[in-house]
Each structure stands twice: as structure tokens, then as C-alpha cells.
Amino acid sequence: MGDQLAVLSVDAGSGETSRHWSAPVTAAGGSDGRLSFSADGKRVGGAVEDFTSAPRLLAGTLAQPDQVTRDNAALGAHVAVRNVAWVNEGFSNQGWLVGPLQQQAGKKYPMIVQVHGGPASAVTPRYISAGAAGNPTVRALVDAGYFVFMPNPRGSFGQGQEFARANRRDFGGGDLRDILAGVGAVEKTAPVDGGRLGLMGHSYGGFMTMWGVTHSTRFKAAVAGAGVANWISYYGQNGIDQWMVPFFGATMYDDPAIYRKLSPIEYVKDAKTPTLVYVGERDVETPAAQSMEFWHALKALDVPATFVVYEDEGHAIRKPEHQQDLRRRIVEWFGKYL
């Protein structure tokens with residue numbers, strides 16, 4: 001809920017909820033991590049982490065669980081972090097701003113906006129370590145001198161059902177406006193240079209990057225990972241098309257107009273942003289043809305673009321040598337243009 005992992009009880013008769021415990025943490029183990037409860041619901045146990053504190057076990061009463069392990073206590077913070085909240089078009093939005101621990105007084109830093117996948121998901125706090133755990137790409141960007149802004153715009157989890165449903169039949173519309181409003185909120189409170197903004201994301205975040213560079217000139221460089229350029233062709237290429245109907249309201253065969261309207265390729269002649277495009281060779285969720293189509297259009301329109309296909313990779317880039325190569329390319333791409 002917002003920036004908090006919250007434990008609620010729900011009255012089955014009335015539907016009323018009561019909050020028992022909350023903290024700005026994530027249940028460790030990724031976005032599907034969960035806490036465990038005793039049969040009577042009075043005691044809780046689980047692993048939690050946040051951007052600056054490594055995973056630790058909590059256990060005890062639901063109202064006040066105790067930290068029971070300190071094996072990772074010596075692992076300190078490697079980034080500075082702040083919660084960012086803003087309101088846009090009546091929606092309450094939240095996001096995370098991560099930056100260097102030591103910041104020079106009076107200096108303005110470039111900022112990368114990293115959009116999460118999903119589309120229904122949320123960025124929650126995960127420990128950023130000195131090594132490859134957590135989010136090493138964010139760590140690499142912070143080490144290179146960037147702030148990284150990770151917004152949870154409409155369509156994300158964390159602000160209720162209406163908020164999570166608010167991007168249906170509107171991919172890239174209200175959520176991009178929320179993100180741009182969030183950038184404005186960051187500029188008011190953090191030492192970032194609004195003239196040196198980058199945009200990146202993977203999966204739905206890759207789509208949002210393609211959409212962002214075709215609908216905004218705010219970003220001076222972009223990295224689109226495993227994105228969707230053309231919802232019309234995508235519908236017949238991917239292996240998970242069942243998810244699309246609730247979001248678009250119909251199949252592509254029944255309502256092709258909405259699929260075409262929300263396709264970045266329809267607006268690609270407005271793109272001017274240098275864009276690095278990457279994808280896994282065997283990606284079934286967002287097939288490589290989508291990334292190729294977007295890169296091909298950028299090249300045809302003389303927009304600086306590079307296309308990388310990672311051999312034998314699927315939707316996630318998993319081989320360590322490929323992960324390292326991708327991080328290097330991302331940092332170099334933003335370094336060149338920002």
C-alpha cells in the first residue's frame with residue numbers, strides 16, 4: 001500500500017479491513033515473496049529487505065515482529081533512497097528515487113527513469129548490494145553518477161483496484177502522464193538535471209520506453225528491453241496472449257483499432273531519441289521481431305539506434321556474461337548521450 005508492505009485482516013462479512021503492521025520493505029524473494037502466519041493469525045514470520053538493508057528474518061507478534069537474524073547486518077547501504085509521492089489527474093502516485101550516497105553540493109545529476117514491467121506490477125524495495133544481487137543495473141547507474149527514478153504510475157499495484165485498472169485500453173496514456181508528473185515532482189526536491197533525462201524499461205517497461213520516445217521529447221536517451229512495438233502483429237506472435245483481452249477489452253480480431261491506437265510503431269515518425277534496443281533470441285512473451293521492428297523504423301528515420309539480440313535467452317536475460325554485457329552497454333549508452 002503506497003510505499004509500505006502492509007498486513008491487513010479482512011472481515012469476510014462486511015469487507016472492512018484493519019491494518020496490523022506495515023513497513024517500507026519487500027518480503028524477500030522477489031515480488032512474489034510472502035509473510036507466513038500462525039493458524040490463529042496472531043504471529044508472523046518472514047524475510048524482508050529494502051534498498052539500503054539486506055534481507056533479514058522477522059518473527060513474533062503481528063503487531064510488533066522482532067528481527068531474529070543479523071547475519072547481513074554488516075552489509076551497509078550503497079545508495080541513498082527517498083520515497084516520492086505525487087498527485088496527477090486525481091490519482092495518487094508513488095515511486096522511489098535512488099542516488100549516490102555522497103552527493104556534491106550544488107551539483108545537478110542526470111537521471112534515468114526506469115519503468116517496471118507487468119503491466120500490473122509495482123516497484124518495491126530490494127536491497128542494492130555491492131555485487132550482483134538485488135538490482136545491479138541500478139547500482140551500476142548510480143555508481144556512474146546517475147539518479148534512478150522508479151515510478152509506480154496508474155496501472156500499478158499499491159493504490160487500490162481503480163488505480164490498478166486505470167490503464168486498461170490506455171497503455172502509455174495516463175501512465176506516461178503520471179510518470180512525467182513524477183519527474184516534475186522529483187525535480188522540485190532532488191538535485192537532478194531536467195535536461196539530462198534517460199528512459200528505460202523491460203517488457204511492459206520496454207513498451208513504455210518505445211511509447212515514451214514516440215510521445216515525448218523530455219528524454220535524451222533510451223534503452224528499450226523486450227518491448228512491444230506493434231500490438232497488432234504481437235497478438236499473433238506471442239505465447240501468452242490470454243492476458244491481453246482484459247486490458248484491451250476485446251481480442252485483436254474483434255477490435256483492431258484499439259490495438260493499433262496503442263502501438264508505438266504508429267507514432268514512430270515522431271521519435272528523435274537515441275535508443276538502444278535489446279531482446280532475448282528465444283523470447284516467447286515479447287518476441288524479438290517486435291524489437292527488430294522498432295529498431296528498423298528508427299534506423300529508417302535516421303534516429304540513432306542499436307539493436308542487440310542475446311543468443312539463447314528468453315524473456316529474462318539470465319546468463320551472467322550477457323547480464324554483464326547488457327549493464328555495460330546501458331551505462332555506455334547513457335554516458336554517450338547524457
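No value in this document is a laboratory result; all are computed from the given coordinates. Note that this is a predicted model, so its numbers are computed, not measured. Backbone-built Cβ (ideal geometry, glycine too); neighbour counts: all protein chains shown.
First check a/c for segment 1-156, with a ≥ b ≥ c the square roots of the eigenvalues of its C-alpha gyration tensor; if it is under 1.5, answer rounded, and if not, answer prolate when a/b is larger than b/c or oblate otherwise. Oblate, since a/c reaches 1.5 and b/c is not below a/b. For a 22 Å ceiling on Cα separation, which of these pairs sit above it: Lys188/Lys269; Lys272/Lys319; Lys220/Lys269? Going by Cα-Cα distance, Lys188/Lys269; Lys272/Lys319 fall outside the 22 Å limit.
Here the residues Tyr253, Tyr337, ranked from fewest to most Cβ neighbours within 10 Å of their Cβ, fall in the order Tyr253, Tyr337. Taking the square roots of 5 times each eigenvalue of the Cα gyration tensor of segment 5-67, largest first, gives ellipsoid semi-axes of 22, 13, 10 Å.
Seen from Asp143, the other residues with C-beta closer than 15 Å to its C-beta sum to a net charge of +2, counting Lys and Arg as +1 and Asp and Glu as -1. Segment 114-131 and segment 21-74 have their alpha-carbon centroids 18 Å apart. Using the Karplus relation 6.51 cos²θ - 1.76 cosθ + 1.60 with θ = phi - 60°, the per-residue 3J(HN,Hα) values for segment 176-181 come to 5, 4, 4, 5, 5, 5 Hz, with x marking Gly and Pro. Each Lys or Arg adds one and each Asp or Glu subtracts one; over the other residues with Cβ under 15 Å from the Cβ of Leu57, this totals 0.
Cβ crowding within 10 Å, taken as a proxy for footprinting-reagent exposure, orders Leu262, Leu35 from fewest neighbours to most as Leu35, Leu262. Our summary gives segment 246-334 a relative contact order of 28 percent, counting only alpha carbon pairs under 8 angstrom and 6 or more residues apart. Taking the DSSP beta bridges with both ends in the chain, the antiparallel portion is around 55 percent.
Of the residues Lys261, Lys188, the one with the fewest other Cβ atoms within 10 Å heads the list, and the complete ranking is Lys188, Lys261. Charged neighbours of Pro153, selected by a Cβ distance under 10 Å, balance to 0 (K, R count +1; D, E count -1). Centroid-to-centroid, using Cα positions, segment 310-338 and segment 189-259 are 19 Å apart. Close amide-amide hydrogen proximity is noted between Val308 and Val277, Tyr278, Val279, each under 5 Å apart and 5 or more residues distant or on a separate chain (H modeled in the peptide plane; Pro and chain starts excluded). Here the simple spin-label model places points 7 Å from the Cα toward Cβ, and for Lys269 and Arg70 these points are separated by 6.6 nm.
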